[in-house]
Structure formats: structure tokens, C-alpha cells
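Have a look at the structure below, then the notes.
The values are calculated or read from the model by the stated rules, or taken from the named source; none is laboratory data. Values in this document were obtained by computation on a predicted structure and should not be read as measured data. Cβ sites come from the backbone with ideal geometry, for glycine too, and all protein chains shown count toward neighbours.
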There are 2 protein chains.
Amino acid sequence: MHTVDRRTLIAGAAAITAASLADSAAPRAAHAKAPLSGNQAPGYYRFKIGDIEVTAINDGVWLPDVGPNFFRNFSVEDAQKALSEQFQRTDKLVVPITALMVNTGSKLVLIDACTGGMFTPTSASFMTNLAAAGFDPKQVDTIIVSHFHGDHINGIRPKDGQLVFPNAEIKVPEPEWAHWMDDGKMAATPEAARGNFNNSRRVFGPIAKDITRFEPGKEVETGITSIAAYGHTPGHCAFAISSGNQSMMTIVDATNNAYLFVRRPEWQVSFDMDGPMAVETRKRLLDRAAADKMLVAGYHWPFPSAGHITKEGSGYRLHPVAWNPVL
Amino acid sequence: MHTVDRRTLIAGAAAITAASLADSAAPRAAHAKAPLSGNQAPGYYRFKIGDIEVTAINDGVWLPDVGPNFFRNFSVEDAQKALSEQFQRTDKLVVPITALMVNTGSKLVLIDACTGGMFTPTSASFMTNLAAAGFDPKQVDTIIVSHFHGDHINGIRPKDGQLVFPNAEIKVPEPEWAHWMDDGKMAATPEAARGNFNNSRRVFGPIAKDITRFEPGKEVETGITSIAAYGHTPGHCAFAISSGNQSMMTIVDATNNAYLFVRRPEWQVSFDMDGPMAVETRKRLLDRAAADKMLVAGYHWPFPSAGHITKEGSGYRLHPVAWNPVL
């Protein structure tokens with residue numbers, strides 16, 4: 001995506017250098033022709049937050065068309081202009097999916113469980129990257145769920161009868177449960193729009209008695225505090241992760257793609273159920289992140305999905321973290 | 001480094017949410033306490049440029065003090081302000097070291113060979129990451145050298161008698177060879193400043209007859225064209241990598257740390273031998289990158305060391321590539 005529609009560089013190189021082209025040395029045969037690898041590096045990355053180790057684990061990318069179905073209050077042309085200005089492809093919207101595994105030192109806590117491979121072939125790498133990062137699903141003590149969209153909960157139970165993290169206690173926001181598991185609300189929803197109601201029942205129904213519900217605002221596990229971030233869904237939560245004097249906040253789906261919704265927070269993705277409330281929440285969290293110079297993660301930001309925020313014009317700028325090879 | 005000197009987030013979380021703190025569910029014991037991993041993900045990343053596969057391979061980071069020894073025409077305070085504004089640590093300058101392995105389909109070509117572990121313990125990971133990326137040093141057909149600083153050439157021969165890439169033809173810029181291998185120039189240099197003269201002889205001396213010299217401006221391997229980029233050293237080269245209608249340019253050491261020298265191209269690092277010429281080269285390459293919307297790599301930019309350039313104020317802005325999990 002980074003090299004499309006661009007002049008070839010041979011011409012550029014010739015223009016840049018004024019040196020004459022000398023004869024090359026006599027060519028010699030390749031010693032050991034290496035095959036193209038054809039694959040990317042494993043998608044995991046670690047952050048140290050005080051005594052806590054956070055591992056961002058990528059599930060891949062979802063690639064919907066840059067089209068009107070995805071956008072509520074802005075045009076395809078608006079989106080394409082913003083994407084193009086930031087060197088992103090304009091035919092498909094790149095929606096990375098990255099969950100955070102938090103090792104608090106006493107518990108292994110997964111915040112959201114990705115797609116379970118149920119979305120697209122390009123977003124079905126979570127379990128592979130989980131293993132590459134050295135984790136066994138049996139080790140996970142707790143899964144904290146931010147909200148009940150399929151790309152956050154399907155990984156818990158992609159198939160009937162399957163529990164991918166067999167030892168994990170599952171903790172969900174009370175208002176999210178109250179919305180999606182309410183039979184009256186489901187009945188009042190047109191059948192064509194009941195997908196998330198049905199899917200929430202598919203995932204949680206058979207294990208409902210084992211689900212722990214938490215009130216947004218409370219500490220859900222030691223060092224992990226939930227933050228009400230409603231609008232995207234009725235019970236959507238962000239989370240603060242802190243240890244010692246270090247901290248990180250994941251705003252989860254308070255923005256979708258960073259190149260659109262960090263830059264233009266007033267733009268609404270069609271999945272923002274209460275659009276105006278989602279915008280208010282987005283600005284509140286990003287304002288706070290900018291004011292306090294927080295390290296911030298976004299579930300749909302470019303892997304490793306974290307950076308810092310500054311205000312810029314009427315929106316914000318994401319400064320992606322500089323990859324740190326030394327923990 | 002991303003979380004230092006920042007308010008703890010528990011207080012922030014409490015302020016952000018207005019929800020009351022409900023009692024938590026009764027705690028239960030961790031099922032399978034997982035140890036902290038303590039290590040980072042392997043530092044390699046692949047780009048597809050037409051039919052060519054480029055793998056960025058990280059050697060780690062060098063961490064010199066943010067101090068006057070590193071800077072020529074700007075102050076430590078200037079540097080710290082710029083770093084702080086971009087959320088970088090201000091005590092140590094983070095200098096990542098990342099070489100490019102280019103598989104042209106017919107040859108495996110390494111552009112620069114990193115430190116050979118001879119710099120610091122934090123920049124001694126090249127061979128580990130090379131292996132993680134699936135490469136055997138014996139497969140390398142060609143090493144193209146940009147210039148003769150130790151963090152670019154020591155990996156060829158870190159120890160006497162050792163040739164790390166035994167089958168590789170080594171190709172170096174003619175003017176770089178002419179400078180560093182010239183006994184007269186070395187004799188005219190104060191002994192305390194002869195480090196690179198001595199080290200060039202250490203690396204290349206015993207294999208001098210096998211070294212191929214190229215004139216900057218020419219295609220050095222199929223799809224890889226050298227670009228004269230003098231100033232940092234007398235023969236320093238950048239390289240254009242192209243296949244089909246796609247391309248990438250590595251400007252190598254035309255900038256050091258991106259947060260300082262992309263943003264403020266007039267600033268000179270003490271290693272820029274001809275400071276004014278290095279500034280002119282830096283601006284010429286970055287101007288061209290911005291005008292042509294090129295994908296650009298920098299040897300000392302944050303891993304995976306590539307992005308796009310826009311003009312901003314009197315300098316430039318690096319837009320790091322968005323990690324692409326799908327080649």
C-alpha cells in the first residue's frame with residue numbers, strides 16, 4: 001500500500017545523483033539463491049509498565065472497502081483525502097485488530113479476545129501470534145471484555161462447545177451485558193439489525209452463569225481500571241493499566257482507524273451506536289491523553305497499536321511509539 | 001521511556017469516569033501464573049516492493065548520552081526540547097540500527113552489515129534477528145556498503161580471520177574507499193582521530209583484493225541503484241530499490257535519529273564529516289522524498305526504520321509506515 005501510484009525510483013535516482021554511470025564489475029552467479037519468504041514477522045510487541053508486562057498481540061487486519069457503509073457523517077471523498085494525505089491506501093480501509101495481554105505479575109489478563117478467525121482470512125492470526133509471544137491459552141487467568149462486538153468477543157468461543165481460554169474468568173461491563181442480553185431490547189430491534197444480540201447470546205449464553213459483570217469505573221484486576229467510554233456501544237469501556245508511576249491507557253474502540261478518527265474525531269464510524277456520545281467520549285479521552293502525555297493504545301490503531309496524542313488543528317495527531325528492542 | 005514523569009493513571013481514570021466504584025467480584029486464585037517474558041519480539045519486518053522482498057533487520061539501539069559530544073551546531077537543551085515534544089527520552093539518545101536485506105529474486109543482497117556486536121550490549125542483535133527472519137549468512141550473495149563507519153561494516157568481520165558472510169561479494173563506494181584507505185590522508189589525520197581509518201583497514205585490509213568498488217550513481221545490483229549522498233562521509237551513498245512501478249529509498253545516514261535530524265535538518269550530528277554538505281544532502285534527499293511521496297528508510301530511524309516524508313515548518317515530518325501483517 002505504501003508504494004502505489006508513485007514514480008519509479010530509477011528515474012529519481014538518476015536525477016538525484018549527478019555522478020556518471022560507470023561500468024559495473026563483471027557479474028558473478030548468485031552463490032545461494034534464497035527463496036522469497038512471503039511472510040511477515042510475528043505480530044506481537046511488549047511494553048513494560050512499571051512491574052507489569054503488556055504484550056500487544058495482533059490478529060491481522062480487516063480490509064473493508066472505503067465506502068459509505070462504513071462512514072456516517074462524512075463522505076468517501078473526505079476519507080480518501082485524509083488517507084491519501086497520510087500515505088494510506090484509499091481503496092480499502094485498513095482496520096488492524098490488536099488485543100493487549102497484561103501480565104500483572106500475579107495474573108495473566110487478556111483485554112478482549114479478537115475475532116476467533118470468524119471475520120476474514122486477513123484477521124485470523126491471533127492464536128498464532130499468541131503462541132509466538134510465548135503464551136498458552138490455558139495460562140490466561142482473566143479475560144476482560146471492553147464491549148460485545150464480534151471482533152472483541154468471538155475469540156472466546158469461536159465455535160459451539162469450544163472455550164479457547166478454559167481457565168479464564170470472563171469479566172464484562174455490566175451496562176454492556178444489560179443491553180445485549182436484554183430480550184426486550186432484542187425484540188424491539190429489527191431482525192436484520194440483531195447480529196450483535198444474536199452473537200452475544202452465541203458467545204455468552206451457554207456460559208452465562210460463569211460471567212462476572214463489573215461496574216465501569218472500578219479496578220477490574222490489580223492495576224487495571226475500567227473507564228466508562230460509552231457511545232460506541234452502551235457499555236463500551238476503556239482501561240487504564242498502571243504500576244508504580246508508569247501507566248498506559250487503552251481507549252479500545254473509542255476510535256476506529258487512527259488516520260481517520262484520531263485526526264477527525266467528529267467523524268463517526270457506522271458502528272458508533274450513539275454517534276454524538278461516541279464523539280464526546282472520543283474527544284474526552286483524547287483530550288485527557290494529550291493533556292497528561294499518556295501512552296495510549298487503540299484496538300484499531302497500527303500495530304503495535306500505541307503512541308502518544310497531541311492536539312492538532314480541530315483534531316489530534318497520533319505519534320506512534322518508537323519500537324524499543326530492549327525491555 | 002514512554003511512561004516516565006507522568007501522573008499515575010489511577011487518578012486519571014477516576015477523574016475520567018463518573019461511575020461509582022462497585023464492589024468487585026470475590027477474587028479467585030490465578031490458575032496458571034505466567035512468568036514475565038522479559039524479552040521483546042524479534043526485530044525484523046518485511047516490505048514487498050514489486051517482485052522484490054526487503055527485510056529490515058534490527059541490530060538493537062545505541063544509547064549515547066544526550067550531550068554535547070553528539071551535537072555540532074545545536075545545544076543539548078535544543079535537543080531535549082525536540083525529543084520531549086516527540087515523547088522521546090531526554091537522557092539518552094536512542095539510535096536504532098537497522099540494515100536492509102534485499103531479495104531481488106535472483107540474489108540476496110545485504111545493504112550494510114551492522115555493528116558485529118562491537119558497539120554496546122544493546123546493539124548486538126543483528127545475527128539473532130537475521131536468523132529469526134529465516135536467513136543463513138551463507139545465503140548472502142552481496143553486501144553493499146553505504147560508508148565505512150563501524151556500525152555499518154563491523155558485521156562483515158567482527159573478529160580477525162572471521163568472514164560472517166563467507167559467500168558474499170562486497171561492494172563499496174569508490175570515493176569511500178579512496179578516502180579511508182588512503183595512507184596519506186590517514187597520516188595527515190591526528191592519531192586520536194584515526195579510528196575509522198584504522199577500522200576500515202582492520203575490516204577490509206586482509207580482503208582488499210576481493211572488494212568490488214562502485215561509482216555512486218550506478219546500479220549496484222539489479223534493482224538497487226546507488227545515489228551519491230556525500231557529507232556524512234566523503235563517499236556516503238543512499239540507495240534506491242525498485243521493481244515494477246514500486247520503489248523504496250534508503251537514505252542510510254543522511255539523517256541520524258529521526259526525531260532530531262528529520263525535524264531539524266540543519267542540525268548536524270558530530271559524525272557528519274562535512275557538516276554543510278551533509279545538511280545540503282539531507283535536504284536534497286528529504287525534499288525529493290516529500291515531492292515524490294517515496295517510501296523512505298533511514299538506518300537510524302525507529303524500527304522498522306521506514307516511512308514517508310512531508311515538509312513541515314522549516315524541516316520535515318516522518319510518517320512511520322503502518323505495520324502491514326499481510327505481504
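Which condition does A:Val4 not pass, out of (1) facing another protein chain (nearest Cβ under 7 Å); (2) at pLDDT below 55; (3) under 30 Å from A:Asn129 (Cβ atoms), if it passes all the others?
All conditions pass for A:Val4, except number (1).
Listed residues B:Thr281, B:Thr233; which is under 28 Å from B:Gly43 (Cα atoms) and modelled with pLDDT of 95 or more?
The unique qualifying residue is B:Thr233.
If we scan the range B:209-229, do we find a residue that is more than 27 Å from B:Glu53 (Cβ to Cβ), surrounded by fewer than 24 Cβ atoms within 10 Å (Cβ to Cβ) and small (Gly, Ala, Ser)?
No, the conditions are met nowhere in the range B:209-229.
For A:Phe135, indicate whether it is out of contact with any strand residue (DSSP E or B) (no Cβ under 6 Å at 6 or more places or on another chain), in a loop (DSSP other than H, G, I, E, B) and within 12 Å of chain B (Cβ to nearest Cβ). Break it down stepwise before answering.
Values: out of contact with any strand residue (DSSP E or B) (no Cβ under 6 Å at 6 or more places or on another chain): yes; in a loop (DSSP other than H, G, I, E, B): yes; within 12 Å of chain B (Cβ to nearest Cβ): yes.
Against the criterion (out of contact with any strand residue (DSSP E or B) (no Cβ under 6 Å at 6 or more places or on another chain), in a loop (DSSP other than H, G, I, E, B) and within 12 Å of chain B (Cβ to nearest Cβ)), A:Phe135 qualifies.
Could we say that A:Lys48 is within 14 Å of another protein chain (Cβ to nearest Cβ) and under 29 Å from A:Arg317 (Cβ atoms) here?
yes
Go through the range A:60-79 residue by residue and tally those that are more than 24 Å from A:Thr122 (Cβ to Cβ) and out of contact with any Pro (no Cβ under 9 Å at 6 or more places or on another chain).
The total comes to 5.
Give the residues of the range B:155-186 that are closer than 29 Å to B:Glu219 by Cβ and in a loop (DSSP other than H, G, I, E, B), sorted by residue number.
Of the residues in the range B:155-186, the ones closer than 29 Å to B:Glu219 by Cβ are B:155-157, B:163-182, B:185.
Within the range B:155-186, B:Arg157, B:Leu163, B:Val164, B:Phe165, B:Pro166, B:Asn167, B:Ala168, B:Met181, B:Asp182 qualify.
Just need a number here: residues in the range B:172-197 that are under 24 Å from B:Phe239 (Cβ atoms) and either buried (at least 20 other Cβ atoms within 10 Å of the Cβ) or of a type in the set (Phe, Trp, Tyr) (or both).
Residues meeting the conditions: 8.
What about B:Arg46, is it in contact (Cβ under 8 Å) with a residue 24 or more places away in the chain, of a type in the set (D, E, K, R) and within 24 Å of B:Leu260 (Cβ to Cβ)? Lay out the reasoning, then the answer.
Details: in contact (Cβ under 8 Å) with a residue 24 or more places away in the chain: yes; of a type in the set (D, E, K, R): yes; within 24 Å of B:Leu260 (Cβ to Cβ): no.
For B:Arg46, the condition - in contact (Cβ under 8 Å) with a residue 24 or more places away in the chain, of a type in the set (D, E, K, R) and within 24 Å of B:Leu260 (Cβ to Cβ) - is not met.
Anything in the range B:266-319 that is more than 14 Å from every other protein chain (Cβ to nearest Cβ), assigned to a helix (DSSP H, G or I) and closer than 15 Å to B:Asp253 by Cβ? List them, or say none.
If the condition is that a residue be more than 14 Å from every other protein chain (Cβ to nearest Cβ), assigned to a helix (DSSP H, G or I) and closer than 15 Å to B:Asp253 by Cβ, then B:Gly275, B:Ala278, B:Val279 are the ones that fit.
Out of curiosity, is A:Thr189 part of a strand (DSSP E or B) and either more than 23 Å from the chain's Cα centre (by Cα) or more than 16 Å from A:Arg157 (Cα to Cα) (or both)?
When the stated conditions are applied, A:Thr189 does not pass them.
Would you check if there is a residue in the range A:153-161 being surrounded by 24 or more Cβ atoms within 10 Å (Cβ to Cβ) and either under 19 Å from the mean Cα position of the chain (by Cα) or without any contact (Cβ under 8 Å) to a residue 60 or more places away in the chain (or both)?
Checked against the condition, which is being surrounded by 24 or more Cβ atoms within 10 Å (Cβ to Cβ) and either under 19 Å from the mean Cα position of the chain (by Cα) or without any contact (Cβ under 8 Å) to a residue 60 or more places away in the chain (or both), the range A:153-161 yields at least one hit.
What's the number of the condition A:Phe261 fails, among (1) in contact with a strand residue (DSSP E or B) (Cβ under 8 Å, 6 or more places away or on another chain); (2) touching a residue at least 24 places away in the same chain (Cβ under 8 Å); (3) buried (at least 19 other Cβ atoms within 10 Å of the Cβ); (4) more than 10 Å from chain B (Cβ to nearest Cβ)?
Condition not satisfied by A:Phe261: (2).
Would you check which residues across the range A:196-233 are of a type outside the set (S, T, N, Q), in contact with a helix residue (DSSP H, G or I) (Cβ under 8 Å, 6 or more places away or on another chain), touching a residue at least 40 places away in the same chain (Cβ under 8 Å) and away from chain B (no Cβ under 13 Å) and list them?
A:Val203, A:Phe204, A:Gly231, A:His232 - these are the residues of the range A:196-233 that are of a type outside the set (S, T, N, Q), in contact with a helix residue (DSSP H, G or I) (Cβ under 8 Å, 6 or more places away or on another chain), touching a residue at least 40 places away in the same chain (Cβ under 8 Å) and away from chain B (no Cβ under 13 Å).
Would you please name the residue that is surrounded by the fewest Cβ atoms within 10 Å (Cβ to Cβ), looking only at residues in the range A:88-110 that are under 15 Å from A:Thr250 (Cα atoms) and among the hydrophobic types (A, V, I, L, M, F, W, C)?
My answer is A:Met101.
Only one residue in B:Asp182, B:Asp141, B:Asp151 is under 24 Å from A:Pro325 (Cα atoms) and acidic (Asp, Glu). Which one?
B:Asp151
Only one residue in B:Phe119, B:Phe47, B:Phe74 is modelled with pLDDT of 95 or more and in a loop (DSSP other than H, G, I, E, B), so which one is that?
B:Phe74
Given the residues B:Ser75, B:Ser84, B:Ser146, B:Ser125, which is the only one that is more than 30 Å from B:Gly217 (Cα to Cα) and surrounded by 24 or more Cβ atoms within 10 Å (Cβ to Cβ)? Quick ask: steps written out before the conclusion?
Details: B:Ser75 fails: surrounded by 24 or more Cβ atoms within 10 Å (Cβ to Cβ); B:Ser84 fails: surrounded by 24 or more Cβ atoms within 10 Å (Cβ to Cβ); B:Ser146 fails: more than 30 Å from B:Gly217 (Cα to Cα).
Result of the check over B:Ser75, B:Ser84, B:Ser146, B:Ser125: B:Ser125.
Starting from the range B:286-301, take each residue that is farther than 26 Å from B:Gly60 by Cα and list its partners that are in a helix (DSSP H, G or I), counting only C-beta distances under 7 angstrom and pairs at least six apart or across chains.
What qualifies is B:Arg288/A:Gly12; B:Arg288/A:Ile16; B:Asp292/A:Gly12.
Please go through the range A:242-251 and pick out each residue that is surrounded by fewer than 24 Cβ atoms within 10 Å (Cβ to Cβ) and assigned to a strand (DSSP E or B).
A:Ser243, A:Gln246
Conditions: (1) within 12 Å of chain A (Cβ to nearest Cβ); (2) on the phi < 0 side of the Ramachandran plot. B:Gly244 meets all but one. Number of the miss?
(2)
With the structure loaded, tell me whether A:Trp323 is more than 10 Å from every other protein chain (Cβ to nearest Cβ) and in contact with a strand residue (DSSP E or B) (Cβ under 8 Å, 6 or more places away or on another chain) or whether it fails that test.
no
If I ask for residues that are out of contact with any Asp or Glu (no Cβ under 8 Å at 6 or more places or on another chain) and more than 23 Å from A:Ala193 (Cβ to Cβ), which ones from the range A:137-154 would you list?
A:Pro137, A:Lys138, A:Gln139, A:Val140
Looking only at residues that are outside any strand (DSSP E or B) and among the hydrophobic types (A, V, I, L, M, F, W, C) in the range B:50-69, which one is surrounded by the most Cβ atoms within 10 Å (Cβ to Cβ)?
Looking at residues that are outside any strand (DSSP E or B) and among the hydrophobic types (A, V, I, L, M, F, W, C), I get B:Val66.
So which of B:Thr55, B:Thr90 is closer than 22 Å to B:Thr115 by Cβ, hydroxyl-bearing (Ser, Thr, Tyr) and at pLDDT 95 or above? Don't jump to the end; show me each part of the working.
Working: B:Thr90 fails: closer than 22 Å to B:Thr115 by Cβ.
Exactly one residue qualifies, and that residue is B:Thr55.
Regarding B:Leu110, is this residue within 14 Å of another protein chain (Cβ to nearest Cβ), more than 25 Å from B:Asn198 (Cβ to Cβ) and not in a loop (DSSP other than H, G, I, E, B)?
In short, no.
Every residue, every condition in (1) under 19 Å from the mean Cα position of the chain (by Cα); (2) of a type outside the set (A, V, I, L, M, F, W, C); (3) part of a helix (DSSP H, G or I), yes or no:
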| site | (1), (2), (3) |
| --- | --- |
| A:Val220 | no, no, no |
| A:Thr233 | yes, yes, no |
| A:Ala240 | yes, no, no |
| A:Asp253 | yes, yes, yes |
| A:Leu260 | yes, no, yes |
